[in-house]
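Visitor: Submitted below is the structure of interest, expressed as structure tokens.
The values are calculated or read from the model by the stated rules, or taken from the named source; none is laboratory data. Note that the coordinates shown come from a computational prediction; the quantities given were computed from them, not determined experimentally. Cβ sites come from the backbone with ideal geometry, for glycine too, and all protein chains shown count toward neighbours. What goes into the accessible areas is simple: the full protein's heavy atoms, side chains included, and nothing from ligands, DNA or RNA. Shrake-Rupley method; radii C 1.70, N 1.55, O 1.52, S 1.80 Å.
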Amino acid sequence: MTDYNERPDSEELSDDERAILSELGESRRKFLGTVSATTFGVLAAQLLAEQEILANYRVPEDAVFAPVAEENAVSVTLNINGTKRALSLDSRVTLLDALREKLGLTGSKKGCDHGQCGSCTVIVDGRRVLSCLTLAATCEGKTVTTIEGLAKGDDLHPMQEAFIKYDGFQCGYCTPGQICSAVAMLDEAKRGQLSYLSENIRGKARAVKLSDDEIRERMSGNLCRCGAYPNIVKAIREVHTGTEVAETWEFVKEGVNDAAV
Amino acid sequence: MRPFKYSKATNAAGAAKAVAGNKNAKFLSGGTNILDLMKEDVARPDELVDINGIASSQIRSTPAGISVGALAKNTDTANHPLVRENYPLLSQAILAGASEQIRNMATNGGNVMQQVRCLYFYDTAVNCNRREPGSGCSAIVGLNRTYAILGWSEHCVAVNPSDMAVALAALDTKVNIQMADGKTRTIPFTELHRLPGDAPHDDKALAHGEMITSFEIPKNKFAANSYYVKVRDRASYSFALVSVAAALELNGKTITTARIALGGVANKPWRAFDAEKFLAGKAATKENFEKAAELELKSARPLEFNEYKIELSKRAIVRALEKAV
């Protein structure tokens, strides 16, 4: 039986094999050299070439796929992260697509695009909403805060700091939505808004002190496929209470947990 | 998503007229359901009339009780002092549904008009009488664990997904409707949703172009003795397998009046009239609650995978009533 892992010696290769390997090696080295020296130059040149081809391409007049102007165009002016932006959009454009595709604010993420995951959560007029189910056309005159608008210059928002401190994410895809949601959620708690877990519904609205169960319930519209929930809850709890949350995990001690393994 | 014309209405009569004038037009309020359906190509309107600018979002007390605007957001309704104090059942039911993001967007009118979440209704590759009348029901022989046990027909076995509607049904709500000809009309909330019969595609009492403007909830003595139970696959952010809105008016330990409605079991919020009638004048005991539940579920017919819902409904009724007391 041949063990391919035990075949390091090129002398055992046939001439053909050696030629292929040599060629591969050379082209790979060439490629790596080019990339390390002029990565951006090469990519930019490619893009420019593509753009040029596209620009010179004439669509036949009878083509059914001829590009058209925005269909059912609507004009919207909104205040995004403190800046007034005027947009002309196809009526179908959601707030999420307007942010990502028209304004270059790609922090808000498109997860499910059906209002089930919460990764597109942004804050509109002080309330967390799903930007994937909000038509941009309905946002005339509204104030939108996205993840890009939470920090003040280089100073991160306390919720952003806390997510980093407690490792409230793994892949990070749901994180902008989680953070926007959490920021608005703590404001809701301050205003005394109810949740499904509220006991005293008939009482007057007053600031709510949130248990971990309450945080989980109020954040249930934001899913995390990596399962960073315990750390997300810790991060939110620290911002909510202003006190540090003790870590509850510890490294496995040698010998102690052997039986369990 | 297919292209559509977008316009903004400034008053209810104008909005109703605009939608009535185009059979492919639809109202747009919170958008949380209609946009989803449009992305899935299940709903195909060529015109959306945005009604968010219409002044129908007030929540105010009236001599008869409370008026809740159709365009008030779910969040604002659940947290309104008048609702919290006098109709906590409504607050509870609203808060049991969706997520805070969606409740911030969704309006009351849109909530009660939302479509079923039947998998086969959403899947345009399969038959569905609701989506394409006469094509057949795929759910009746499909994965129907979460489907109806009451009032279904061979044409449709889907359930109404709203929690809010279950509380509104229990609270003897009336619905004010703007008609396309400029007039208005009022119907009992229990008549807003219809059982599927042979026309599941037409399961609301509103004609095309008619729009809900407000809900009237009469005064009652249930505030201290009401409860909403929701049983679901996840602890939060999930539709009900079974839910129960229970409200009691008590004289000592005797039930003067009972109101019970079930969610997740039929194509409409299921008012448990038989159970209510049985409980009136009886002692508020577990034994009586169990008898009432038994009576109400007598007409239940399970599908292949949802027989569990019958026992679950009975127990949920008992639990809601016990919590209400």
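Visitor: Inside the range B:84-99, can you point out the residues that are facing chain A (nearest Cβ under 7 Å), within 18 Å of residue A:121 (Cα to Cα) and open to solvent by 10 Å² or more (accessible area, probe 1.4 Å)?
Guide: Hits for the range B:84-99: nothing passes.
Visitor: Also, I was wondering about something else. Find the strands (runs of 3 or more DSSP E) located wholly in the range B:159-236 whose residues include 3 or more that are touching a strand residue (DSSP E or B) at 6+ places or on another chain (Cβ under 8 Å) and more than 30 Å from residue B:146 (Cα to Cα), and list them.
Guide: Those strands (runs of 3 or more DSSP E) span B:174-178, B:184-188, B:211-218.
Visitor: Also, quick follow-up: So residue B:32 passes all but one of these: (1) touching a strand residue (DSSP E or B) at 6+ places or on another chain (Cβ under 9 Å); (2) more than 9 Å from chain A (Cβ to nearest Cβ). Which condition number does it fail?
Guide: Answer for residue B:32: the failing condition is (2).
Visitor: Okay, moving on. Which members of the range A:100-117 meet the condition of being touching a strand residue (DSSP E or B) at 6+ places or on another chain (Cβ under 7 Å) and either within 12 Å of another protein chain (Cβ to nearest Cβ) or assigned to a helix (DSSP H, G or I) (or both)?
Guide: Scanning the range A:100-117 gives A:102, A:115.
Visitor: For the range A:137-144, check the following and say yes or no: at least one residue is surrounded by fewer than 19 Cβ atoms within 10 Å (Cβ to Cβ), touching a Ser or Thr at 6+ places or on another chain (Cβ under 7 Å), at the interface with chain B (Cβ under 10 Å from one of its Cβ atoms) and at negative phi.
Guide: Within the range A:137-144, one or more residues are surrounded by fewer than 19 Cβ atoms within 10 Å (Cβ to Cβ), touching a Ser or Thr at 6+ places or on another chain (Cβ under 7 Å), at the interface with chain B (Cβ under 10 Å from one of its Cβ atoms) and at negative phi.
Visitor: What is the residue count in the range A:82-99 for residues that are more than 12 Å from chain B (Cβ to nearest Cβ) and more than 17 Å from the chain's Cα centre (by Cα)?
Guide: Looking only at that region, the number is 7.
Visitor: Out of (1) assigned to a helix (DSSP H, G or I); (2) within 11 Å of chain A (Cβ to nearest Cβ); (3) more than 21 Å from residue B:105 (Cβ to Cβ), the odd one out for residue B:3 is which?
Guide: Going through (1) assigned to a helix (DSSP H, G or I); (2) within 11 Å of chain A (Cβ to nearest Cβ); (3) more than 21 Å from residue B:105 (Cβ to Cβ) one by one, residue B:3 breaks only (1).
Visitor: Right, something else. Only one residue in A:231, A:200 is open to solvent by 40 Å² or more (accessible area, probe 1.4 Å) and either in contact with a Pro (Cβ under 7 Å, 6 or more places away or on another chain) or not in a loop (DSSP other than H, G, I, E, B) (or both), so which one is that?
Guide: Exactly one residue qualifies, and that residue is A:231.
Visitor: So which of B:300, B:324, B:320, B:316 ends up being in contact with a Leu (Cβ under 9 Å, 6 or more places away or on another chain) and farther than 22 Å from residue B:158 by Cα?
Guide: Testing whether each residue is in contact with a Leu (Cβ under 9 Å, 6 or more places away or on another chain) and farther than 22 Å from residue B:158 by Cα leaves just B:324.
Visitor: Considering the range B:26-49 alone, what residues qualify as being closer than 14 Å to residue B:211 by Cβ and either at pLDDT below 95 or surrounded by fewer than 21 Cβ atoms within 10 Å (Cβ to Cβ) (or both)?
Guide: Once the filter is applied, which keeps residues that are closer than 14 Å to residue B:211 by Cβ and either at pLDDT below 95 or surrounded by fewer than 21 Cβ atoms within 10 Å (Cβ to Cβ) (or both), the range B:26-49 yields only B:26.
Visitor: Quick check, is residue B:60 open to solvent by 30 Å² or more (accessible area, probe 1.4 Å), more than 9 Å from chain A (Cβ to nearest Cβ), at pLDDT 95 or above and not in a loop (DSSP other than H, G, I, E, B)?
Guide: The answer is yes for residue B:60.
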